[in-house]
1. Would you mind calculating the gained length between VAL92 and THR68 on full extension (0.36 nm times residue separation, minus the Cα-Cα distance), in nm to one decimal?
2. Taking the Cα-to-Cβ direction at ALA61 and at SER41 and moving 7 Å from each Cα, how far apart do the two end points lie in nm?
3. Work out Dmax and Rg for the stretch 36-139 from the C-alpha atoms and quote the Rg first, both in angstrom.
Amino acid sequence: MKTWAEGLAALGITILLGVSLWAFSGRPLGAGATDSTSPVSFDSEAAARGEALAAATGCLACHNIDETASTGPGWGGLAGSEVTLASGEMVVADDAYLFNSIIDPASQVVAGFDAVMPTTYADSLSETEINDLVEYIKSLA
């Protein structure tokens, strides 16, 4: 900016755009899909173990590592996001939700998907392995 007048004009235009967006969308500037998410931190070593486990146990046959749906929901961007369940309930895909979805997948089925995930992981995987899978899913957020 060369002058105060140019700076003031730029500020005025920015405010005008913000007000226009709010008027036409009903939401303030910057409100959008990220409103329901928060930064996701994860243990990189556990995530690496979870990545190997996901490949070894066949998870990736039904779940994509991006947001693309397959037989099951995609894992990209899942952790920390709001999920609509088949019941209509909205939940946050936090650690507890992700862990529970692995050990009892029929308890909270994501809307648009069938309850076809195997229910044997609670018996065939250790708690540490399940937590490693959760860390891997979180690393894809």
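Every read-out reported here was derived from the displayed coordinates using simple, explicitly stated rules and does not represent laboratory data. From a predicted model like this one, the values you see are computed outputs, not experimental measurements. Note: ideal-geometry Cβ built from the backbone for every residue, glycine included; neighbour counts use all protein chains shown.
1. Answer, rounded to one decimal: 6.8 nm.
2. 3.7
3. Over the stretch 36-139's Cα set, Rg and Dmax evaluate to 12.5, 35 Å.
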